[in-house]
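Read the structure below first, then the notes.
The values are calculated or read from the model by the stated rules, or taken from the named source; none is laboratory data. All values derive from a computational prediction rather than experimental measurement. Here Cβ is always computed from backbone atoms with ideal geometry, including for glycine, and neighbour counts include all displayed protein chains. For accessibility, only protein heavy atoms count, side chains too; no ligands or nucleic acids. Shrake-Rupley method; radii C 1.70, N 1.55, O 1.52, S 1.80 Å.
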Amino acid sequence: MASMASDTISILDGSTFVVSDRRGDVDAGPDQPHGLFHRDTRFLSRWKLTVNGIAPDVLSTENTEYFAAQFFLVPPSGTIYKNPYLSVQRKRLVGEGFHEDVTVLNHDNEPATIELRLEAGADFADLFEVKDALAKKGETYREVRDGVLVLGYRRKDFVRETHISAGGRADVSEDGFVFRLELPPHGEWSTCVVVQPVAEQPCVVKYGHGEAKAKPNMKLSLAEWIEQAPELESDWDELEHIFRQSLVDLAALRFYSEIIPDTSLPAAGLPWFMTLFGRDSLITSYQALPFAPELARTTLRVLAARQGTRVDDFRDEEPGRILHEIRFGELVHFGERPHSPYFGASDTTPLFLILLEEYERWSGDAALARQLEPNARAALEWIDRYGDRDGDGYVEYERRNKESGLENQCWKDSWNSILHRDGTLAAEPRATCELQGLVYDAKLRTARLARDVWDDEVLADRLEHEAARLKERFNRDFWIDDRRFFALALDGEKRQVDSLTSNIGHLLWSGIVEDDKVAAVVEHLLGERLFSGWGVRTMAVGEGGYNPIEYHNGTVWPHDNAFVAAGLARYGYREEAARIATAVLEAATYFSYRLPEVFAGYERERTTVPVEYPTASSPQAWATGTPLLLIRVLLGLDARDGDLASDPFLPRSVRMLALRGVPGAWGRRDVESAVSVP
């Protein structure tokens, strides 16, 4: 199916990315995430090409690969009665900077005199400055050094530069490059331009003239990466396209870890989150475990190496806590933001334990589980000592850093995401429901590791007892009897936050819901107030805070739906799980097979196509991982006693689905289902 139109073209490679218009130009406003970004700094904010003083028109634009784009342009002729006699092609490849080939073709029978100009500029905005439209505190400078245009920025000891060089005969000034061409009839001219960020050290731009083979941030080539993943076969052709796009995007989002050499893990998403996020990496690794288990291994090792060790109010750090986010820009350098790293997330720590157990069970890698045993025990200590702030048995959060810390430290981390039914903000501290489910699941899983891997029966028994007590209390304290669903949270006064939200689906995934309450939860999830036809909304229609285009209060998040579907399947509601999976995967076909971070929550009958959310990240790691988890749900995949188990349940629209070569402790195994629902 046709993809939705976009006014921008984005290409990326790890923590480096370029966002331009459809000409290939960049003319960024202070609050626009356009330009060349590397490690949280914008190294190019202006990049404009003109032909004889005029911006050319666009013939076509395409992303040839995740790291490459090409732009076919023509100078306007000024009248519909005369066709252009020139065309311009720009080929751009990003990787630690970018390389751009510019070609001009003369299609006329007469010679052509051409002035080609490339204007360049850099504001060196920190990504936080772009998000918050903040003014710079240092000074920019421009100069030409030995034919290289140098754009620079200095604030005390923080210095960043962009070095731009061009082949061919070019007049170089502090404003850019001018090429004066005399093209013969049907002649052709081309040049190479290299844009190189310089931070602590100059970057080595990955690509040169005429290169087209991907050089992802991993040991494997892109072809090898895809080849090592299981092969998917289905009679639903679109699913094969969605699956491949997920694998390619996971490759694109990977960046090198400086903590553990020769490893890489996924950044969270373009444009705002091209760095390590604990929550995002843990969730994405869980989603991708049956397809790319090395993501989980690297994520666990890196996050364990940066686990909290002290109480630091500015960074919301506490012993045993798993980090939320790491940044590298100017504001972090000067201590104006806490992200070096920042620990303000309360779900990352139980998610770390969940992924550790899941990875060991799938991979059989008991050695890593033993190696990270001290980290797991520290995470358990954090849950009980720091996560449970008041000793009531529930994990609640309230930021220590009141100025720049996150107010909400759950996955719905926007400031207004935890609302009562009437739309008023919940008082702090807040104990959201899904956090309790994650803790329940984490303790049961860690009990298994304690018994089977660490040989600690006492710890296993204690954790199982604590989990059972938590489940009993939770089903009593969070259940809203007259509305027949679980409260979104308990607020600072221990009142139920009574909005109906998608969080109740995460409770099914964790297994904390008692059997007598499951049917009511399922009815809400598939009811018209929560289910839009494209997926489950984050907040139900009719709640006081509902808005179909509010970030966490009415939109549809693909990863959210994947965990809802997994929860439904866990409790035996396979047909309902397949319905949600089908809706989300069908939505992907309208986004060029790439699910965005989030899209609008309008009902399907109103729009007939899913409606884009204006600032959604794309690609985004856990949205990219969503099709992988949904495929697992449809095939009923699980690891049990060192073997791969499968219990397929396909939607009526799919008659055959197979995965060839699923990796795990069993080696490689094929899974196939050719039985559709009657």
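Of the listed requirements (1) at pLDDT below 90; (2) in a strand (DSSP E or B); (3) over 25 Å from Phe255 (Cα atoms), Thr64 misses just one: (3). Between Trp557, Trp534, the distinction of being touching a helix residue (DSSP H, G or I) at 6+ places or on another chain (Cβ under 6 Å), of a type in the set (Phe, Trp, Tyr) and surrounded by 17 or more Cβ atoms within 10 Å (Cβ to Cβ) belongs to Trp534 only. Counting only helices (runs of 4 or more DSSP H) that fall entirely inside region 275-363 and contain at least 3 residues that are more than 24 Å from Phe243 (Cβ to Cβ), the qualifying elements are 294-305, 330-333, 348-363.
Is at least one residue of region 442-458 polar (S, T, N, Q), modelled with pLDDT of 95 or more, more than 30 Å from Leu331 (Cβ to Cβ) and surrounded by fewer than 16 Cβ atoms within 10 Å (Cβ to Cβ)? No.
Just one of (1) under 28 Å from Thr298 (Cβ atoms); (2) surrounded by 18 or more Cβ atoms within 10 Å (Cβ to Cβ); (3) of a type in the set (Asp, Glu) fails for Glu211. It is (2). Residues of region 29-54 that are touching a Lys or Arg at 6+ places or on another chain (Cβ under 7 Å) and of a type in the set (Gly, Ala, Ser): Gly35 alone. For region 591-621, the candidate set comprises residues that are open to solvent by less than 50 Å² (accessible area, probe 1.4 Å), not in a loop (DSSP other than H, G, I, E, B) and not hydroxyl-bearing (Ser, Thr, Tyr); within that set, the residue that is modelled with the highest pLDDT is Phe599.
Return the only residue of Phe291, Phe255 being over 25 Å from Gly329 (Cα atoms) and of a type in the set (Phe, Trp, Tyr).
Phe291
Filtering region 639-662 to residues that are crowded, with 16+ Cβ neighbours inside 10 Å and farther than 25 Å from Asp237 by Cβ leaves Ala639, Leu644. Of the residues making up region 460-481, those that are aliphatic (A, V, I, L, M) and touching a residue at least 40 places away in the same chain (Cβ under 8 Å) are Leu463, Leu470. Count of region 476-489 residues, restricted to those that are open to solvent by 10 Å² or more (accessible area, probe 1.4 Å) and in contact with a helix residue (DSSP H, G or I) (Cβ under 8 Å, 6 or more places away or on another chain), is 2.
Being in contact (Cβ under 8 Å) with a residue 12 or more places away in the chain, assigned to a loop (DSSP other than H, G, I, E, B), open to solvent by 10 Å² or more (accessible area, probe 1.4 Å) and in contact with a helix residue (DSSP H, G or I) (Cβ under 9 Å, 6 or more places away or on another chain): is that true of Asp108 here? No: the conditions fail for Asp108. Would you call Val74 over 20 Å from the mean Cα position of the chain (by Cα), farther than 22 Å from His209 by Cβ and hydrophobic (A, V, I, L, M, F, W, C)? For Val74, the condition - over 20 Å from the mean Cα position of the chain (by Cα), farther than 22 Å from His209 by Cβ and hydrophobic (A, V, I, L, M, F, W, C) - is met.
Can you say whether Leu181 is under 30 Å from Thr615 (Cα atoms) and touching a residue at least 60 places away in the same chain (Cβ under 8 Å), as far as the supplied structure shows?
no
Against the numbered list (1) under 18 Å from Asp13 (Cα atoms); (2) at pLDDT below 95; (3) open to solvent by less than 20 Å² (accessible area, probe 1.4 Å); (4) in contact with a Phe, Trp or Tyr (Cβ under 9 Å, 6 or more places away or on another chain), Phe277 comes up short only at (4).
With farther than 24 Å from Ile283 by Cα and crowded, with 23+ Cβ neighbours inside 10 Å as the only criterion, which of Ser499, Ser510 stands out? After ruling out the rest, the residue left standing is Ser499.
Name the single residue, out of those in region 245-267 being outside any strand (DSSP E or B) and among the charged types (D, E, K, R), that is most open to solvent (accessible area, probe 1.4 Å).
Filtering region 245-267 for residues that are outside any strand (DSSP E or B) and among the charged types (D, E, K, R), the one most open to solvent (accessible area, probe 1.4 Å) comes out as Glu258.
For every residue, the table says whether it meets (1) under 32 Å from the mean Cα position of the chain (by Cα); (2) of a type in the set (A, V, I, L, M); (3) within 24 Å of Thr50 (Cα to Cα).
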{"position": "Arg142", "(1), (2), (3)": "no, no, yes"}
{"position": "Asp146", "(1), (2), (3)": "no, no, no"}
{"position": "Tyr153", "(1), (2), (3)": "yes, no, no"}
{"position": "Phe158", "(1), (2), (3)": "yes, no, no"}
{"position": "Thr162", "(1), (2), (3)": "yes, no, yes"}
{"position": "Ser165", "(1), (2), (3)": "no, no, yes"}
